[in-house]
Amino acid sequence: MPDQIIPAILVSAIAFFSVYISIPFLIKVLERKNLTVRDYNKLNGQMVPRPGGPSIIMGIIASELVLYVFFPKVEIIAILATTSIAFLVGVLDDRKTRGGWFKPLGLAVATIPIILLGAYQPTLSFPIIGHATIPLLSIPIIIFIIPITGNTVNSIDVLNGVASGFMVIAGCAITLSLFITQNYEIAIASLPLIFVSLAFYKYHKFPSRIFPGDSGALTLGAMYGVIAIVGHVEIIAAVAILPAVVNSFLFLSSMKRIVEHRQIKNPVTHTEDYKLAATNEKDAPITLVRLIVAKGPMTEKEIGFFIFKLAIFSAFLTIITAFMTVVKI
Amino acid sequence: MKGSQIFLFIFIMWILIIAGCVLLVTISESIKIQGYLTLEPPLFYSSIVKAIIAITFVAIWVYVLSKIKNWIFRRQIKH
């Protein structure tokens, strides 16, 4: 354990500072190239640079490569490869909006390195009861996990700072769970997820100076998914992102199909003082934000903090689940 | 508390995950299919049965969750 402390501190520092230092430069480049989008939740409709994905992937690659020097494990290569493919899928979607199926399919392709490298277990770890082996389902489950985590994180990237702040909390939960399940090396490999998200949150929080874009959100979501797979904590990881799962579940059960979020009616509207309120549009989807503001208008910042409270609640349930997985009956 | 139904919904989701996992493992691990005509691998058949049970569990989970969602958020999601 003591010989793992130095790599842990080193990769955390590299992940944090590479994003923290590179973002101001990226903002300037994006502004110069006029790669900005309107922030519709601001009264003056301020233009915000997008995407922040390149800085995020840079931080992940730099930190994971350094970690690979300390622990040359195939799981780290799987994290690097899958996350990089997810980033490329996001870049393509940032450049040109594609159909609702593009991202799930692209992220399914991103699972290929995990399968080819054999960086997964054919069993699933369940709380209380132990392991179960379903050989026919092990690969389909992997193919589903990355599209689910990637799109789930992308779907909550609707307000300033929410996606990155949410990933800090979910990342802490999964890392602690990996320590509880004594999977120390993968726990250290998941530290860059926390610190990259934390550094990005500094610029993404309300009022945002940069948006992650699909390239940023899919990268964070796919990294979360691949850590869940290679760390063998798939069920535990699902609990940590329950607020985002609720959002996707509400969306899909109201829309009854997979659809690109830019193609739907806005589930919230603005009051005169520019708070967010639930829309009265009958064919607008039901989302987490729409439910949060159902009882009355709230500011963007208040909604963001409410989502963080939900994430902390889920993180608490995640830790309990991790202990339940360790203790067998 | 404002939005307390959302916390309740997340908690119920968690309970359903734990309960579903315990049931799934208990049922699927009890399935042992003996060799068929001595030619086919029994693991393959038991895996098919386990896969069907697991997929059925997920379908039931989604159905129950959507009913609970309608019950908890009946006021908010009424158009």
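The values are calculated or read from the model by the stated rules, or taken from the named source; none is laboratory data. Predicted model, so just to flag it, every value in this text is computed and none were measured. All Cβ positions, even for glycine, are placed from backbone atoms using ideal geometry, and neighbour counts span all protein chains on display. Surface areas here come from the heavy atoms of the whole protein model, side chains and all, with no ligands, DNA or RNA. Shrake-Rupley method; radii C 1.70, N 1.55, O 1.52, S 1.80 Å.
Data table
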| quantity | calculated |
| --- | --- |
| Sole exception among (1) outside any loop (DSSP other than H, G, I, E, B); (2) within 11 Å of chain B (Cβ to nearest Cβ) for A:Phe323, by number | (2) |
| Checklist (1) within 14 Å of chain B (Cβ to nearest Cβ); (2) outside any strand (DSSP E or B); (3) aliphatic (A, V, I, L, M) applied to A:Val91, failing item | (1) |
| Residue list for the range B:13-22, filter: more than 9 Å from chain A (Cβ to nearest Cβ) and either in contact with a Cys (Cβ under 6 Å, 6 or more places away or on another chain) or more than 21 Å from A:Ser248 (Cα to Cα) (or both) | B:Ala19 |
| Positions within the range A:1-38 being part of a loop (DSSP other than H, G, I, E, B) and touching a helix residue (DSSP H, G or I) at 6+ places or on another chain (Cβ under 9 Å), in sequence order | A:Met1, A:Leu35 |
| Conditions (1) among the polar types (S, T, N, Q); (2) over 22 Å from A:Phe306 (Cβ atoms); (3) without any contact (Cβ under 8 Å) to a residue 60 or more places away in the chain; number of the one not met by A:Thr219 | (3) |
| Number of positions in the range A:203-248 that are open to solvent by 10 Å² or more (accessible area, probe 1.4 Å) and within 24 Å of A:Ala187 (Cβ to Cβ) | 6 |
| Tally of residues being within 13 Å of another protein chain (Cβ to nearest Cβ), under 26 Å from A:Gly99 (Cα atoms) and either out of contact with any helix residue (DSSP H, G or I) (no Cβ under 6 Å at 6 or more places or on another chain) or modelled with pLDDT under 75 (or both) across the range A:269-285 | 5 |
| Some residue of the range A:66-79 being touching a residue at least 12 places away in the same chain (Cβ under 8 Å) and under 30 Å from A:Lys33 (Cα atoms) | no |
| Pick from the range A:253-268, criterion open to solvent by less than 40 Å² (accessible area, probe 1.4 Å) and under 19 Å from A:Arg38 (Cβ atoms), ranking: modelled with the highest pLDDT | A:Val268 |
| Residues satisfying the stated conditions in the range A:150-184, i.e. hydroxyl-bearing (Ser, Thr, Tyr), out of contact with any Asp or Glu (no Cβ under 9 Å at 6 or more places or on another chain) and at pLDDT 95 or above | A:Thr175, A:Ser177 |
| Residue match in the range A:61-72 (condition: at pLDDT 95 or above, within 24 Å of A:Leu159 (Cβ to Cβ) and open to solvent by less than 20 Å² (accessible area, probe 1.4 Å)) | no |
| Of all residues in the range A:284-312 being in contact (Cβ under 8 Å) with a residue 12 or more places away in the chain and open to solvent by 30 Å² or more (accessible area, probe 1.4 Å), the one that is nearest to the chain's Cα centre (by Cα) | A:Ile312 |
| Residue check for A:Ile139: at pLDDT below 90 and either surrounded by fewer than 18 Cβ atoms within 10 Å (Cβ to Cβ) or of a type in the set (A, V, I, L, M, F, W, C) (or both) | yes |
| Among (1) open to solvent by less than 30 Å² (accessible area, probe 1.4 Å); (2) in contact with a Cys (Cβ under 9 Å, 6 or more places away or on another chain); (3) on the phi > 0 side of the Ramachandran plot - the single one A:Ile128 does not satisfy | (1) |
| Residues (more than 30 Å from B:Ile48 (Cα to Cα) and under 9 Å from the mean Cα position of the chain (by Cα)) located in the range A:134-155 | A:Val153, A:Asn154 |
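Table: residues versus (1) more than 7 Å from chain A (Cβ to nearest Cβ); (2) open to solvent by 90 Å² or more (accessible area, probe 1.4 Å); (3) at pLDDT 85 or above; (4) closer than 24 Å to A:Ala315 by Cβ.
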| site | (1), (2), (3), (4) |
| --- | --- |
| B:Pro42 | yes, no, no, no |
| B:Val49 | yes, no, no, no |
| B:Phe73 | no, no, no, yes |
| B:Lys78 | yes, yes, no, no |
